[in-house]
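Take a look at the structure set out below.
The values are calculated or read from the model by the stated rules, or taken from the named source; none is laboratory data. No experiment lies behind these values; they were computed from the predicted model shown. Because the Cβ atoms are built from the backbone with ideal geometry, glycine has one as well, and the counts that use them run over all protein chains shown.
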Amino acid sequence: MWMDHRAEAQAKRINATNHDVLRYVGGTISLEMQAPKLLWLKENLYSTCWSKAHHLFDLPDFLTWKATGSLSRSLCCLVCKWTYQAGNHGNNGWSEDFFSQISLEDLVSNGYTKIGTEVKPPGSPCGNGLSQNVAEEMGLLAGTPVGTSMIDAYAGALGCMGCIPRSEVTDSLPDITNRLVLVCGTSTCHMIMNKKELFVPGVWGPFYSSILPGLWTTEGGQSSTGKLIDFIVQSHPAYHDVKTAAHERNIHEHDILNELLEKQAKLKNLQSLCELTKDLHIWPDFHGNRSPLADPTLKGMICGLTLNDDMDDLAIKYLATIQAIAYGTQHIIVEMQKKGLDVGVIYMCGGLRKNTVYLQMQVDVTGLPLILPDEEESVLVGAAMLGACASNDFPSLQAAMESMGGSGTIVQPSTIDSSYHAKKFSVFLEMVGDQQKYASMMS
């Protein structure tokens, strides 16, 4: 449900309160977070849903409840999505004043039993482990430890950050607080931890102890990345030809497009395939901007269209989309750096890590080295770390992360296209300014 944007009006009303808890979601609550969605449910499905609900869960907490019967909630889920306060100079927990101001005062009744009264840090034992009936259904032992959960992207970050590239040693890697994790799938999350409570306007957080105890997590994000690439590719007239070619060779459609880009660059005697998009520019917020602009009303933009509709044209639009997503990452990093977050290296996980062009664009645009774990399912690795910690196999979650992080390869940025990307990034920023100007003219 995170991608559901129907609670736009509710989010606007919540943000109009300027309540202090909003400082911890980048100053503006996203319509993808739980408070606007809960308010939408109350206002639109009161009799059929809201009035009958006994408990309201985030998905990870719902799963641990189903597994163990425990109604405990994950600190990660609550601080990141539910406006629960932690590490806030002693002013921690739920804010009754906030819920009253946004017309969700009924959540306060009975000591917040609907949304959670027992809050546990990630990796701590959940309940008494697997319940008897669940254990029987899964073919496991009753009482098997279950770790308190994390949001899926946060588990991916945990699973990534302990990875050591084979060409490096631990001492030569940037500190844990200088590692930015990109969890790339339908959307992309950009997560970095810090010892200090740093606020970045338009960027979610800081969230206390949401990944590792005592550290603050800042989370940037793009609402549509893999989804956007699929949309651009699948809505093009030449998509059927690409799909057929990929099926005949039993390879991914992206591999066909990547080959077409290489052929076009060689045919045109270009220094790099990046230059194929010189006259084509995309603003990628087809589903609004999560960060750093925090504007769900923004739309996508394409500048440089022609009447071409062949596979080569599709490949160039696909490349321009991937580049635009990388410029979005750079935009987030620039705003993070302005507020004191120092990014020294990128880690990447998620389905898009398999796309070599996507990976290289992120590296070249940001100018930062990227560590790619050997293990492709970092979210599952992170979840396994939570279970191992709950089983007392490690003294701390950080110890589990460092022990189970595995190895990987390091991808260095190319300097060949740095000036080209700098120009394209300038165009990228101009485009959103133009969109905002047009919106003002039409208002």
Response to the item:
Of K120, K114, K81, the only residue that is surrounded by 13 or more Cβ atoms within 10 Å (Cβ to Cβ) and in contact with a Cys (Cβ under 8 Å, 6 or more places away or on another chain) is K120
Practice prompt. Report the residue count in the stretch 236-261 for those that are surrounded by 14 or more Cβ atoms within 10 Å (Cβ to Cβ) and in a helix (DSSP H, G or I).
Written response: 15
Discussion item. For the stretch 403-434, which positions are out of contact with any strand residue (DSSP E or B) (no Cβ under 9 Å at 6 or more places or on another chain) and closer than 30 Å to A384 by Cα?
Written reply: S403, M404
Item to complete: Could you please find all residues in the stretch 114-136 being within 20 Å of F57 (Cβ to Cβ) and without any contact (Cβ under 8 Å) to a residue 24 or more places away in the chain?
Response: N133
Worksheet entry | Scan of the stretch 290-316 for residues that are surrounded by fewer than 23 Cβ atoms within 10 Å (Cβ to Cβ) and charged (D, E, K, R), ordered by number | D295, K299, D309, D310, D312, D313
Worksheet item: Restricting attention to the stretch 209-229, and to residues there that are assigned to a loop (DSSP other than H, G, I, E, B) and in contact with a strand residue (DSSP E or B) (Cβ under 7 Å, 6 or more places away or on another chain), which single residue is farthest from M150 (Cα to Cα)?
Response: T225
Discussion item. Just checking, does the stretch 88-106 include any residue being under 18 Å from P213 (Cβ atoms) and of a type in the set (D, E, K, R)?
Written reply: no
Worksheet item: Being of a type outside the set (A, V, I, L, M), more than 30 Å from E219 (Cα to Cα), out of contact with any strand residue (DSSP E or B) (no Cβ under 9 Å at 6 or more places or on another chain) and touching a residue at least 12 places away in the same chain (Cβ under 8 Å), is that true of even one residue in the stretch 322-330?
Response: no
Item to complete: Return the total of residues in the stretch 27-62 being surrounded by 13 or more Cβ atoms within 10 Å (Cβ to Cβ), among the charged types (D, E, K, R) and outside any loop (DSSP other than H, G, I, E, B).
Response: 4
Discussion item. Could you tell me how many of the residues in the stretch 158-208 are in contact with a Ser or Thr (Cβ under 8 Å, 6 or more places away or on another chain) and part of a helix (DSSP H, G or I)?
Written reply: 2
Worksheet item: Quick one: is T83 of a type in the set (V, I, T), closer than 30 Å to T28 by Cα and at pLDDT 95 or above?
Response: yes
Discussion item. Restricting to the stretch 102-117, name every residue that is more than 26 Å from the chain's Cα centre (by Cα) and under 18 Å from Q34 (Cβ atoms).
Written reply: I102, S103, L104, E105, D106, L107, V108, S109, Y112, T113, K114, T117
Worksheet item: Got at least one residue in the stretch 38-57 being touching a strand residue (DSSP E or B) at 6+ places or on another chain (Cβ under 9 Å) and at pLDDT 95 or above?
Response: yes
Worksheet entry | Flag for E8 being farther than 28 Å from T186 by Cα and more than 18 Å from the chain's Cα centre (by Cα) | no
Practice prompt. Check F286, F207, F231, F199 and return the single one that is surrounded by fewer than 20 Cβ atoms within 10 Å (Cβ to Cβ), closer than 28 Å to K120 by Cβ and at pLDDT 95 or above.
Written response: F199
Worksheet entry | the stretch 409-440, subset of a type outside the set (F, W, Y) and in contact with a helix residue (DSSP H, G or I) (Cβ under 6 Å, 6 or more places away or on another chain), residue surrounded by the fewest Cβ atoms within 10 Å (Cβ to Cβ) | S414
Worksheet entry | Meets criteria (farther than 21 Å from D61 by Cα and at pLDDT 95 or above) for I102 | yes
Worksheet entry | Per-region count, the stretch 163-184, residues under 23 Å from C76 (Cβ atoms), of a type outside the set (S, T, Y) and in contact with a strand residue (DSSP E or B) (Cβ under 9 Å, 6 or more places away or on another chain) | 9
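For (1) at pLDDT 95 or above; (2) surrounded by fewer than 20 Cβ atoms within 10 Å (Cβ to Cβ); (3) closer than 30 Å to S291 by Cβ, each residue gets a yes or a no:
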position: P125; (1), (2), (3): yes, yes, no
position: I151; (1), (2), (3): yes, no, yes
position: L158; (1), (2), (3): yes, no, yes
position: T170; (1), (2), (3): no, yes, no
position: M191; (1), (2), (3): yes, no, yes
position: K195; (1), (2), (3): yes, yes, yes
Practice prompt. Under 9 Å between Cβ atoms, at least 6 apart or on separate chains: pull out the pairs that start in the stretch 214-228 with a residue that is farther than 12 Å from G300 by Cβ and of a type in the set (S, T, Y) and end on any residue that is surrounded by fewer than 20 Cβ atoms within 10 Å (Cβ to Cβ) and modelled with pLDDT under 95.
Written response: T225/G185; T225/T186
